[in-house]
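Below you'll find the structure, written out as structure tokens, and then a few comments.
Every read-out reported here was derived from the displayed coordinates using simple, explicitly stated rules and does not represent laboratory data. No experiment lies behind these values; they were computed from the predicted model shown. All Cβ positions, glycine included, derive from the backbone under ideal geometry; neighbour counts span all protein chains shown.
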Amino acid sequence: MTVNSVVNGVPGGYPPGGAAARQARELLEQERRTRIAELALLDAEATGAPDEAALARRGTLQGNVEEIDAALIRLDDGTYGLCGDCRKPIPEGRLEIIPYARRCVGCQQRRR
Ligand SMILES: [Zn+2]
């Protein structure tokens, strides 16, 4: 087994400082900037009392930023890309769509 395939004895992780981790970090930071920019835009556009749609959008964006921050911490401790429930690697395709995903699809669906 190569070094890249095992982190703390768990296959499929993103070793901190490795190329995959760097790439994931860039993606996460980009996603974070996009959300922050949209939050700023919501503030700039706000006139008078915020409507319900704007409040909901703001809540979603803030939730995303928190998830992204949590994912960046997981990148640092080497647990990024592993399902928080079953500890199996989250498929790359899922991480491409949701880079801050905490769980594999199966575990996420069981939570709903
Ligand atoms: Zn899982």
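Some points to look at:
- Summarising the amide proton neighbourhood of Leu82: residues at separation of 5 or more, or on other chains, whose placed amide H is nearer than 5 Å comprise Ile90.
- Tensor-based shape of the chain (alpha-carbon gyration tensor, a/c under 1.5 rounded, otherwise prolate or oblate): prolate
- Chain lengthening between Cys107 and Asp77 when straightened (0.36 nm per residue, less Cα-Cα): 8.7 nm
- Magnitude of the charge dipole for the chain, about its Cα centre and with charges confined to Cβ atoms of Lys, Arg (+1) and Asp, Glu (-1), is about 580 debye.
- Extension gain, Asp69 to Gln30, is 12.8 nm, computed as 0.36 nm per intervening residue step minus the present C-alpha separation.
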